[in-house]
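Structure record follows, encoded as structure tokens.
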Amino acid sequence: MAAKPGAATPTYSPKLVGSSRLPIFKDSDLDWSRPDGRGFHQCRPALLQTGAVSSASGSAYAEFGNTKVIVSVFGPRESKKAMVFSDVGRLNCNVSYTTFASPTIGQGTDHKEYSSMLHKALEGVIMMETFPKTTVDVFALVLESGGSDLSVVISCASLALADAGIMMYDLITAVSVSCIGKSLMIDPVTEEEGCEDGSFMMTCMPSRYEITQLTVTGEWTTPNINEAMQLCLDACSKLGEIMRDCLKQAASASEE
Amino acid sequence: MVGLSLGEQHFVKGGIAQDLRTDGRKRLTYRPIYVETGVIPQANGSARVKIGGTDVIASVKAEIGRPSSLQPDKGKVAVFIDCSPTAEPTFGGRGGEELSSELALALQRCLLGGKSGAGAGINLSSLLIKEGKVCWDLYIDGLVISSDGNLLDALGAAIKAALTNTAIPKVNVSAEVADDEQPEIDISDEEYLQFDTSSVPVIVTLTKVGTHYIVDATAEEESQMSSAVSISVNRAGHICGLTKRGGSGLDPSVILDMISVAKHVTENLMSKLDSEISAAEASEDES
């Protein structure tokens, strides 16, 4: 499971392309320096590996800075007898945190809905018609919570589904942006999320250039939303490239 | 819900494309909204909102509690939604749980804003009585009695009306005590504080059917939707929350267009809702 020595961990930092407008914030407004010294539009290095869990149909491990997530996919396997017949497949998602994932003991109240949000993100991209009467189970375990947990879980889950061979329309990638004061910062860490004025999480299909899930909290003006969307789309397509490389490496490694 | 035949589906989709929906409305027209406040006397505030066939009740109850150790200078708000089986037989037992939690999450997102409290409809600091020791806990409950589409907008309007109707009793901290003891508080029976709802946003759900968006979809129109985006806009014209539902993907330009349409619709909706709420409050005072 160790990364190949000598391979630099790629990052998916976006560039604001074609910004003919002046940037919203000028340098004099920057009074927030990121705890890990990144620029506002710089993402954490993304480490992705497949095949982390040998007993699952497919699995993936993602390490984005301090956020470490492992996702395993089981299926398609037989639905429980009690469930009604359905001619499309069923998807069952569960996101859980280990007890040592965050500095405070216990899960925290935000995380209960992550399972349903993961379900919503994945149900639009998996071709459910290809596995009727059966269920695909996606179990995500957050080993360490370092910020942008749900985005990392979603990206890692789509990688695990690809590793399991479940048919999908496209890989999905998720990126979140935090708004503190007037500055937008991509891929926030826990400290930034704790004092943010707004959060913007986007899940998209990079090849089809379509947004499958978008969740915005806090107060946003339309230019801010425009900028956040551009940042996320660019970062998502770069993350999609990294995920594809990871899958290609895994496939070529297994051929050897 | 009764399924739609192929002919009916075409009729719904074709009508929307031609800006003439099955009930005669245009794409961006709301059904008539009926607001009644003070429907639950035991609650601190309550309201009932009917949008066409959708009927919801929201109630606000305030109780004395302790602020959380992570945010000692703020009160707490909890939103619960219950989809009653009278609305749909499938809601009985655990069937409505998923929809209820999704609605509650979307409403909580719109009302409470970012983690630092920016853009919040309810100012949590105003719920504080004594820092670190005593605060108000607001329990906002929504009950869906009848569902004919557009539950989120109706619940948002009902919560706004209920908060306008909410009267929180004045509290006097009667004695200063040592740091580790709970202070004695005296809850007044006569003096009440009205809640400030000028920053509570309204929620507008835009449903995409084919290539057009409609506002205030009925249940049969919702069955034909490809995706829906619920946008909550406050009085200042800023977006307080956005949730995209539905599996199919949307082009980013479509989402930005939806945001501008939502802002435009919100202006009318906000003023209409305000006038309905004040009319309801006035008639409640008279009776």
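The values are calculated or read from the model by the stated rules, or taken from the named source; none is laboratory data. A quick note: this is a predicted structure, and the numbers were derived from the prediction, not measured. All Cβ positions, even for glycine, are placed from backbone atoms using ideal geometry, and neighbour counts span all protein chains on display.
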Original post:
Which of the residues spanning the stretch A:190-214 are surrounded by fewer than 22 Cβ atoms within 10 Å (Cβ to Cβ) and either touching a His at 6+ places or on another chain (Cβ under 7 Å) or among the β-branched types (V, I, T) (or both)?
Top reply: A:T190
**OP:** Search the stretch A:203-218 for residues that are more than 7 Å from chain B (Cβ to nearest Cβ) and over 13 Å from B:K244 (Cβ atoms) and pair each with any residue that is modelled with pLDDT of 90 or more and surrounded by fewer than 22 Cβ atoms within 10 Å (Cβ to Cβ) when their beta-carbon atoms are under 6 Å apart and the residues are at least 6 apart or on different chains.
**Re:** A:P206/A:S237; A:P206/A:G240; A:S207/A:D170
Original post:
Restricting the search to the stretch A:214-240, which residues are closer than 20 Å to A:L48 by Cβ and touching a Cys at 6+ places or on another chain (Cβ under 9 Å)?
Top reply: A:C232, A:L233, A:A235, A:C236, A:S237, A:K238, A:L239, A:G240
Original post:
Among the residues of the stretch B:1-19 satisfying the criterion of being in contact with a helix residue (DSSP H, G or I) (Cβ under 9 Å, 6 or more places away or on another chain) and assigned to a loop (DSSP other than H, G, I, E, B), which is surrounded by the fewest Cβ atoms within 10 Å (Cβ to Cβ)?
Top reply: B:V2
**OP:** Run A:D234 past the list (1) buried (at least 21 other Cβ atoms within 10 Å of the Cβ); (2) in contact with a Pro (Cβ under 8 Å, 6 or more places away or on another chain); (3) under 15 Å from B:S253 (Cα atoms) and report the number of the one that doesn't hold.
**Re:** (1)
Original post:
If you check every pair at least six apart or on different chains, which have Cβ atoms under 7 Å apart with a residue in the stretch B:55-79 that is closer than 12 Å to B:I159 by Cα first and a residue that is surrounded by fewer than 16 Cβ atoms within 10 Å (Cβ to Cβ) second?
Top reply: B:V56/B:I145; B:I57/B:I145
Original post:
Across the stretch A:47-71, which residue is farthest from the chain's Cα centre (by Cα) among those that are in a strand (DSSP E or B), surrounded by fewer than 23 Cβ atoms within 10 Å (Cβ to Cβ) and in contact (Cβ under 8 Å) with a residue 24 or more places away in the chain?
Top reply: A:Q49
Subject >> Members of the stretch B:113-167 that are outside any loop (DSSP other than H, G, I, E, B) and among the hydroxyl-bearing types (S, T, Y) >> reply: B:S125, B:S126, B:Y139, B:S146, B:T164
Original post:
A:G181 versus (1) within 14 Å of another protein chain (Cβ to nearest Cβ); (2) surrounded by fewer than 20 Cβ atoms within 10 Å (Cβ to Cβ); (3) touching a residue at least 60 places away in the same chain (Cβ under 8 Å); (4) more than 18 Å from A:R38 (Cβ to Cβ): which is the lone unmet condition?
Top reply: (4)
Subject >> Residue identified as over 13 Å from the mean Cα position of the chain (by Cα) and under 18 Å from A:M117 (Cβ atoms) among A:G165, A:G218 >> reply: A:G218
Subject >> Only listed residue being under 17 Å from A:M127 (Cα atoms) and among the β-branched types (V, I, T), chosen from A:I186, A:I154, A:I180 >> reply: A:I154
